[in-house]
Amino acid sequence: PDLEALRDVYASQFLIGAAITAEDLEGIRLELLSKHHNAATAENAMKPEALQPQKGTYTFEAADQMVNAALDAGLRMHGHVLVWHQQSPAWMTTRPGEGSPLDREEALDNMRTHIRAVMEHFGDRMISWDVVNEAINDNPSSPEQWKGSLRQSPWYHAIGPDYVEQAFLAAREVLDENPDWEIKLYYNDYNEDNRNKATAIYHMVKEINERYSQEHPGKLLIDGIGMQGHYGLNTNPDNVKASLERFISLGVEISITELDIQAGSDYQMTKQQADAQSYIYARLFQLYEQYAEHISRVTFWGLEDSKGWRAAFNPLVFDRNLQAKPAYYGIVDPD
Ligand code: XIL
């Protein structure tokens, strides 16, 4: 059937993205991708371990192919990810052998060098970067104390609690040297519908941006907050709304960066589960429409249900045969 393209439905509001692998850029998968989407994120190809597996050895070929093919297909590319505690090589943060953290200066140098090399390499082919991913603990107990809510990650152990700010300063320096690039710098995290986690994220971004604005009037260091959006049938859209409103109040832009809603299991779901999934997708898109002025992009974490990190739980909008699910119809007509 000739379905309405999701990217057309939301054209005046925000970009519609998908996480992609190389095979999504060929044949019928590319047709589905470019019909419904106008943005993409590499699911794995631009993570630190993929781009700099050994110190000073950059492996850009696969990512370059992906980025160029996506741009040729008319998609904008979001960069994911510069600083993270997963899928990042140990050498960046940790001494070989006993595994103790590197000295602060050495880890900072590794972080800055990676950020600069990767951002300069991809240049203005990107519209935005996740500079830091998942720095805050799940459900922190004293979330106003955002430093105490930081995940005890290898970056944290080596550099200390200012590693987040240092990463953004390094990325900002690259952008300042390239004034004609239009690239937004994002902090990205999951479980952002959890009130305590959202509170810690809020205070972290607020303090870092306020400090920067004092020296650079009218400018932000962190341009945007990415709400990953890995949800399930128990997710309450009102909690998503509460976090979204708080983040917007910081004056940053928002993207929904990794949206999926698990429903069912073992690659199966009942009609009831499919309808419930459609309903939650619809509620979320109602919310995104309401705040569209502040939302740049809504990206699904995959193209269809048969592949991807939570495939067994049928999380996406198209099924394994690339056919539209009830979720698709909920998104096209959320009211
Ligand atoms: C996931 C990928 O989808 C998987 O293929 C990989 O094995 C692990 O990472 N948060 C993120 C993403 O920021 O990078 C993760 O992607 C999903 C959770």
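The values are calculated or read from the model by the stated rules, or taken from the named source; none is laboratory data. As the structure is a computational prediction, the values presented were derived from the model and not from experiment. Positions of Cβ are generated from backbone atoms using ideal geometry, with glycine treated the same way; all protein chains shown enter the neighbour counts.
A few comments on the model shown:
- Test result for residue 102, touching a residue at least 24 places away in the same chain (Cβ under 8 Å), touching a strand residue (DSSP E or B) at 6+ places or on another chain (Cβ under 8 Å) and more than 16 Å from the ligand (Cβ to nearest atom): yes
- Pair list, Cβ under 6 Å, 6 or more apart: the range 242-269 residue free of Cβ contacts under 8 Å to residues at least 12 places away in the same chain and over 15 Å from residue 230 (Cα atoms), other residue within 16 Å of the ligand (Cβ to nearest atom) and polar (S, T, N, Q): none
- Restricting attention to the range 102-156, the residues that are outside any loop (DSSP other than H, G, I, E, B) and of a type outside the set (Lys, Arg) add up to 33.
- Screening residue 284 on (1) among the hydrophobic types (A, V, I, L, M, F, W, C); (2) surrounded by 23 or more Cβ atoms within 10 Å (Cβ to Cβ); (3) away from the ligand (no atom under 16 Å from the Cβ); (4) assigned to a loop (DSSP other than H, G, I, E, B) shows it passes everything except condition (4).
- When 171, 200 are checked against the criterion of being surrounded by 23 or more Cβ atoms within 10 Å (Cβ to Cβ), touching a Phe, Trp or Tyr at 6+ places or on another chain (Cβ under 6 Å), within 20 Å of residue 150 (Cβ to Cβ) and not β-branched (Val, Ile, Thr), a single residue qualifies: 200.
- Unique residue being hydroxyl-bearing (Ser, Thr, Tyr), at pLDDT 95 or above, within 19 Å of residue 255 (Cβ to Cβ) and surrounded by fewer than 21 Cβ atoms within 10 Å (Cβ to Cβ) when the list is 12, 34: 12
- Pick from the range 166-199, criterion within 16 Å of the ligand (Cβ to nearest atom) and assigned to a helix (DSSP H, G or I), ranking: nearest to residue 136 (Cα to Cα): 197
- Scanning the range 54-85 for residues that are within 16 Å of the ligand (Cβ to nearest atom) and more than 14 Å from the chain's Cα centre (by Cα) gives 62, 63, 66, 85.
- Of the residues making up the range 217-244, those that are under 13 Å from residue 257 (Cβ atoms) and assigned to a loop (DSSP other than H, G, I, E, B) are 228, 229.
- Residue within the range 135-152 that is at pLDDT 95 or above, on the phi > 0 side of the Ramachandran plot and of a type outside the set (Phe, Trp, Tyr) present: no
- With respect to the conditions (1) in a helix (DSSP H, G or I); (2) more than 16 Å from the ligand (Cβ to nearest atom); (3) aliphatic (A, V, I, L, M); (4) within 20 Å of the chain's Cα centre (by Cα), residue 16 lacks only one, and its number is (1).
- Any hit, the range 44-65, residues being over 26 Å from residue 167 (Cα atoms) and without any contact (Cβ under 8 Å) to a residue 60 or more places away in the chain: yes
- Residue 88 meets all of the listed conditions (1) surrounded by fewer than 20 Cβ atoms within 10 Å (Cβ to Cβ); (2) assigned to a loop (DSSP other than H, G, I, E, B) but one, namely (1).
- Filtering 309, 301 for residues that are at pLDDT below 95, hydrophobic (A, V, I, L, M, F, W, C), under 22 Å from residue 134 (Cα atoms) and within 16 Å of the ligand (Cβ to nearest atom) leaves a single hit, 309.
- Applying the set (1) polar (S, T, N, Q); (2) over 22 Å from residue 331 (Cα atoms); (3) within 13 Å of the ligand (Cβ to nearest atom) to residue 41 leaves exactly one unmet item: (2).
- Unique residue being in contact with an Asp or Glu (Cβ under 7 Å, 6 or more places away or on another chain) and either within 21 Å of residue 329 (Cβ to Cβ) or not acidic (Asp, Glu) (or both) when the list is 242, 311, 263, 274: 311
- Residue 159 being within 16 Å of the ligand (Cβ to nearest atom) and either of a type in the set (Ser, Thr, Tyr) or buried (at least 16 other Cβ atoms within 10 Å of the Cβ) (or both): no
- Residue in the range 108-131 that is among the small types (Gly, Ala, Ser), modelled with pLDDT of 95 or more and over 22 Å from the mean Cα position of the chain (by Cα) present: no
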